[in-house]
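As structure tokens, the structure follows; a few thoughts come after it.
Every number here is computed from the coordinates shown, using simple stated rules; none is lab data. As the structure is a computational prediction, the values presented were derived from the model and not from experiment. Cβ: placed from backbone, ideal geometry, glycine included. Neighbour counts: every protein chain shown.
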Amino acid sequence: MREPAVMLAHSIRGWAQELHFFLMDHGGAMVRGYVMSPEDAVAEEYDVLLVDDVTSFLSTRLVANLQRNGTRVIGVYDSSDPAGTGKQRLLELGVDEALADTTPPAEFVEAVARIAGPMTVDAPELEGIFDAIVSEPVRPVEHDAAQRRPNRGFVIAVAAATGGAGATEIAVQLAVEMRGRNQAVALVDADEQAPSVAQRLGLGLHPNIRTAVDAVHHATGRLASTLNKMPVAGVEVLSGLPNPRDWFELRSGEVVEVLAELARNHPYVVANVGPRIEDLPESGGPARFAVTRATLSLADMVILVGSTTPVGVTRVVDWLADGRALITGKPLHIALNQHPGSSFVATEIENELRRTVAPQSITILPFDKRVLRASWEGDFVARGPFTKAVGRLAELIPVHAEMTQ
């Protein structure tokens, strides 16, 4: 069985975004994209179109064409309209089902499944899945903190306790350091809030993580072709989506599949993630930051980046309070970036963090003007205090990797 593929017509009402957030976190259908014109609506193969009653290009002819090609249509009307004209218009247009814009996302998903019908895959694919299940030996579940990894490489998540802490710079340099130890490394920009690896290294916007998802999840190409190989450092880079709004079109499970597949072909995968990890639906908000949470859950080791200021240290402690459940049992290393140079301050901060959160290690990264110069030039950081400090972090990774094999 597979999930129905849906397209969402662009809407100024809140139901579309709310539904998209819900599907990203809970599944039930796969959003293939947004429809802005009748040409968009018929350009791709998918199962269900969800569209407002007031959408300018919605017509009887479009609905009939879609249905003739096997695509069902759900129309959404304004529930506050006392005359019910929106619902009546949708029924006259011939949509398969009409729902109010206040319908809960779970009921939208039920309607999609109902009108799309059973979603099956070709028999040869199922045979391959069953063969894999039969041939896979059953292993006992381990409950120790250093739980063994499946047959894949070691995934390191580099997160920032707050925006601007320098996690991207550290992730890039960490990948360079690991590659310098003759290890194949994939650097992935999984920051759904402020993706910047491509811009930082002067890479193009395509291919990117959306291309990688299509390659892995929809077999539209080779995953290896979505990576940019940096000729100087030898690091392979998977760029993020340039616009944070585009991340709404990705489901966290799809991104995790890409990371896992990269880890099957690389001894090490460094994933740069955003600072926000709160699960907003639990407090009544829209579903967001699912990619960050899923990446942290997959990771075998977490490096949390903060700054050596009172506010910066507070942000580190707050982040850990929110994210502890995501990283329980994983080696945690704290990197405090852009330290101005006072050894007394560094010692005080390190002692406080060790007392409060007990990380595996704390690395103080000094302020280094080479970092600023490299960011302006779109190049890697020249050897100096910053790269030396990141090198110390890199030395810890193989140790943890061997412990979890």
Per-pair calculated FRET efficiency, R0 = 45 Å: E395 and T309 via Cβ, rounded to 0.05: 0.95
When the helix-only estimate is applied to the chain (DSSP H runs of n ≥ 4, each -39,500 (n - 2.57), divided by the residue count), what is the mean residue ellipticity at 222 nm, nearest 500 deg cm²/dmol? -13000 deg cm²/dmol
May I ask you to order 240-250, 171-181 by the average number of other C-beta atoms within 10 Å around their residues, highest value first? 171-181, 240-250
Per-residue HN-Hα couplings for region 160-170 [Karplus 6.51, -1.76, 1.60; θ = phi - 60°; Hz; x = Gly/Pro]: 9, 6, 7, x, x, 6, x, 5, 4, 4, 5
Residue span E110 to T356: 0.36 nm per residue of separation minus Cα-Cα distance leaves a gain in nm of 84.0 nm
When averaged across all projection directions, what area in nm² does the alpha-carbon convex hull of the chain cover? 22.5 nm²
In what sequence, highest mean first, do 163-170, 38-45 appear when ranked by Cβ atoms within 10 angstrom? 163-170, 38-45
Express in nm, to one decimal, how much length is gained between Y34 and I12 on full extension, taking 0.36 nm for each residue of separation and deducting their alpha carbon distance. 6.7 nm
Residues whose modelled amide H sits under 5 Å from the amide H of R72, counting only those 5 or more places away in sequence or on another chain, are V48, L49
What distance in nm separates the simple spin-label points at D81 and E348, each placed 7 Å from Cα in the Cβ direction? 6.5 nm
What lysines sit close enough to K388 to cross-link, taking a C-alpha to C-alpha distance under 18 Å and skipping anything fewer than 8 places away on the same chain? K369
7 Å from Cα along Cα→Cβ at both E278 and A194: what's the point-to-point distance in nm? 1.7 nm
Roughly speaking, what is the stretch gain from F367 to A64, that is 0.36 nm per residue apart minus the C-alpha to C-alpha distance, in nm to one decimal? 102.7 nm
